Protein chains: 2
Amino acid sequence: MTAPRVPDAVDAGHTGGPASDGDAALRLVNPTLLLIDLQKAVDDPSWGARNNLAAERTITRLLQAWRARDLPRIHVRHDSPEPASTYRPGQVGHEFKAEAAPVPGEVVLAKRTNSAFIGTDLEARLLAAGARTLVVAGVSTSNSVEATVRMAGNLGFEVFLVADACFTFARRDWSGRLRTADEVHDMSLANLDGEYCTVVDAEAVLAALGGVVRPAQ
Amino acid sequence: MTAPRVPDAVDAGHTGGPASDGDAALRLVNPTLLLIDLQKAVDDPSWGARNNLAAERTITRLLQAWRARDLPRIHVRHDSPEPASTYRPGQVGHEFKAEAAPVPGEVVLAKRTNSAFIGTDLEARLLAAGARTLVVAGVSTSNSVEATVRMAGNLGFEVFLVADACFTFARRDWSGRLRTADEVHDMSLANLDGEYCTVVDAEAVLAALGGVVRPAQ
């Protein structure tokens with residue numbers, strides 16, 4: 001457990017949210033775009049109500065910006081070992097969503113659990129490439145994205161989590177309170193920001209990449 | 001991202017909370033008690049309002065039960081590298097809380113980040129001992145406890161997280177909503193249970209250890 005910032009987390013001066021992040025320009029050094037579990041599985045109605053319906057369009061913009069500059073990009077694909085999972089290989093849910101589908105030459109990294117660092121060569125691959133800065137987006141904010149971001153930060157990577165390029169789902173908390181997807185998402189971001197990563201929005205990331213985003217050739 | 005259980009997380013039949021866990025007896029095979037960051041640092045008022053004020057007494061009961069049976073126990077100590085942290089070594093906050101202080105012969109494992117598995121030999125130590133079952137308690141539920149439990153589950157350990165032997169602090173979420181410590185705690189437990197661990201209460205753990213708890217000799 002790391003100390004709270006000064007002012008601390010419940011100080012009246014801390015309002016949460018992206019406003020303060022938008023003030024300072026980001027400095028991204030050879031950032032790797034790490035996309036998590038953006039597969040058709042997540043469109044299955046069993047997942048319930050989601051938030052950030054525009055996340056996929058935002059992710060496409062990020063991907064285009066990375067492609068236009070030939071910056072490194074890694075598509076993490078969930079190969080669920082659970083028979084009942086919508087992410088199980090061999091069915092349509094396992095396929096990448098169209099908005100985030102890899103193109104030839106892009107790295108696809110398969111995982112079987114939540115964190116993209118466990119059971120994979122992700123850490124070794126990043127270290128070998130000298131990649132220390134990660135820009136993370138995907139699904140779900142509170143599950144595989146969060147597990148991956150917590151590990152990435154603890155492993156020493158500089159992590160930027162793109163709030164509007166992630167989404168999650170409504171659920172009940174441990175006391176049975178039904179939380180909307182926005183509430184679940186917002187609790188995760190607050191727990192992650194400043195401790196494991198810096199939470200940003202896509203506009204700040206795109207601005208940091210140097211202005212107008214050109215589509216891929 | 002792993003598939004939701006059937007019924008899924010927002011199904012009306014899922015109420016959250018410990019009631020359903022109390023129904024089935026736990027089966028604990030040579031469980032290791034893993035206590036996280038239970039140091040005086042956390043009593044500093046800068047952390048804000050906490051929940052589960054009885055957690056330390058509950059942790060003492062767990063420790064006594066483990067000692068009485070000479071089951072394995074690991075005290076994870078946070079050695080914060082941050083100059084302003086209440087957990088920085090060399091000050092009173094770095095000391096273990098009296099209710100959770102190790103006795104000679106118990107393992108003390110130092111860490112410098114949130115997850116007890118990063119920068120430590122915890123995984124290797126557990127594997128060498130053939131320890132596959134972890135019972136986790138400590139502070140805070142939503143930070144070092146959660147980071148450690150997520151990794152433990154993903155690494156393949158069977159993890160039981162003791163809800164009433166953990167605590168956390170009030171904070172604002174990313175949209176600025178002030179959440180009580182109970183709300184923060186309950187959101188974390190819901191995100192963890194069934195995905196990275198099984199959330200239980202101390203009574204169920206103590207019952208699984210075999211009845212009356214004897215104090216250490």
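The values are calculated or read from the model by the stated rules, or taken from the named source; none is laboratory data. Keep in mind that this is a model prediction, so the values were computed, not measured. Virtual Cβ from ideal backbone geometry, glycine too; neighbours counted across all protein chains shown. Surface areas here come from the heavy atoms of the whole protein model, side chains and all, with no ligands, DNA or RNA. Shrake-Rupley method; radii C 1.70, N 1.55, O 1.52, S 1.80 Å.
Quick notes on this one:
- Pseudo-label separations to other copies for residue A:156 - Cα-to-Cβ vector, 7 Å, nm: 2.6
- For residue B:40, the aspartates and glutamates whose Cα comes closer than 12 Å to its Cα, not counting residues fewer than 8 places off in the same chain, are B:56, B:95, B:99.
- When the range A:32-210 is described by a simple charge dipole with +1 on each Lys and Arg Cβ and -1 on each Asp and Glu Cβ, the residue from A:175, A:145, A:46 located farthest towards its positive end is A:46.
- Accessible area buried between chains B and A, both sides summed, probe 1.4 Å, in Å² to nearest 100: 5600 Å²
- Axis proximity, chain A to B: residue whose C-beta lies nearest, plus whole-Å distance: A:187, 2
- Using C-alpha pairs below 8 Å separated by at least 6 residues, the relative contact order for the range B:32-210 is 26 percent.
- Backbone amide hydrogens, once placed in the peptide plane, bring residue A:164 within less than 5 Å of A:202, excluding anything fewer than 5 places away on its chain.
- Cβ-vector label at 7 Å, residue B:45, separations to other copies in nm: 5.4
- In the context of the full set of protein chains, residues of the range A:32-210 present 34 Å² of accessible surface per residue (probe radius 1.4 Å, heavy atoms only).
- Rounded to two decimals, the Cα radius of gyration of the range B:54-165 over 2.2 N^0.38 Å is 1.04.
- Taking the accessible area of chain B, probe 1.4 Å, and keeping the other protein chains in place, the carbon and sulfur fraction comes to 53%.
- 10 Å Cβ neighbours from other chains, averaged over peptide A:154-160: 3
- Compactness of the protein assembly as shown was expressed as the Cα radius of gyration divided by 2.2 N^0.38 Å, which yields 0.96.
- Only Lys, Arg (+1) and Asp, Glu (-1) charged, at Cβ; the protein assembly as shown dipole about Cα centre in debye: 720 debye
- Dividing the Cα radius of gyration of chain B by its Kirkwood radius returns 0.95 for Rg/Rh.
- Loop-located trypsin sites (Lys or Arg not before Pro) in the range B:24-89, at most 16 other Cβ atoms within 10 Å (DSSP): B:27, B:69
- Each Lys and Arg contributes +1 and each Asp and Glu -1, all at the Cβ; summed about the Cα centre of the range A:32-210, the dipole is approximately 300 debye.
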